[in-house]
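J.: Below is a structure I'd like to ask you about.
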Amino acid sequence: MVFLWLTSAILCSILMQIPTFILSSFLTIKPIMIPNAASLHSAFDPVMGTLSGGSPTERRLSDMSGYYADTKAFDSLLAQGDALHYAVSAVAPAEGEGALHYAIGNLLPGRVGREYFMTKGHFHAWRAAGEYYIGLSGEGVMLLESEDGTESLLLPLTANAAVYVPGYTAHRTINTGDVPLIYLGIYPAQAGHDYGAIAERNFRHVVVDVDGKPVMMAREAYMGSGMF
């Protein structure tokens, strides 16, 4: 009993020496600030690839200069008109650690030479950030490439299918079908986008039409193959 009394007395003495504002930070339950309902709900069209209340970022054919291997085919197509290539609308309900953003993409069908229409592709500015791509409609593939360019992977992106993009991985969406490829991307708010690294060196592989099927080829091998 004496031991318990001494222990309690010592504990009380210690607590009395701790400033009140420090104790309150431990004992007070801090309220969680929930954003307004309007920022927590959004609607998208899985067929049209549009987002209610969102303003899409559009990429036209001219924005893709330097990304396709067959420059003659690119110039010839551009001479016919600077058509819309793809559009992306994003939702950012919150920022900071733990927050998520998502975007809906609409990638139009077509080819530049043998290469299928594609996005610019990017790394995440925060390299460790992963991302999920979810196919809504259309047919396409995701081209993944390691940061050092030594590994490449081609995965199908179709309706009711998902592709996980690990951190430190460049990723590009490619439409291999005859209708728009519509998809969602879900990623950390802190991920950011690094397009500069891709603009500087591009992907090491291309995806081309061979006998009606998408085939991944090393860029240099394709350019030296005489296929265009």
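The numbers here are math on the coordinates, done by the rules we state, and not lab data. Owing to the predicted nature of the structure, the values given are computational and were not obtained by experimental measurement. All Cβ positions, glycine included, derive from the backbone under ideal geometry; neighbour counts span all protein chains shown.
J.: Over all alpha-carbon pairs of the stretch 43-223, lay out the pair-distance distribution in 5 Å bins, whole %, shortest bin first.
T.: Computed distribution, short to long bins: 1, 8, 17, 22, 22, 17, 8, 3, 1, 0.
J.: Starting at the first residue of the stretch 196-208, write each ³J(HN,Hα) from the Karplus equation 6.51 cos²θ - 1.76 cosθ + 1.60 with θ = phi - 60°, in whole Hz, x for Gly and Pro.
T.: Values per residue, Gly and Pro as x: x, 4, 6, 4, 6, 10, 6, 7, 6, 10, 10, 10, 10 Hz.
J.: Then there's this: So if I take the centroid of the Cα atoms in the stretch 131-154 and the same for the stretch 66-110, what is the distance between those two points in Å?
T.: 15
J.: Assuming R0 = 25 Å, what is the FRET efficiency of Ala90 and Asp178, from their Cβ-Cβ distance, to the nearest 0.05?
T.: 0.40
J.: Let me ask something else. Dividing the convex hull volume of the Cα atoms of the stretch 49-118 by its residue count, what figure in Å³ per residue is obtained?
T.: Here the figure is 109 Å³ per residue.
J.: Now, a different point. List every residue whose amide H lies under 5 Å from the amide H of Ala99, counting only residues 5 or more places away in sequence or on a different chain, with H placed 1.01 Å from N in the peptide plane.
T.: Ala189
J.: Provide the packing ranking of 106-116, 44-54, 129-139, i.e. peptides ordered by the mean count of other C-beta atoms within 10 Å per residue, highest first.
T.: 106-116, 129-139, 44-54
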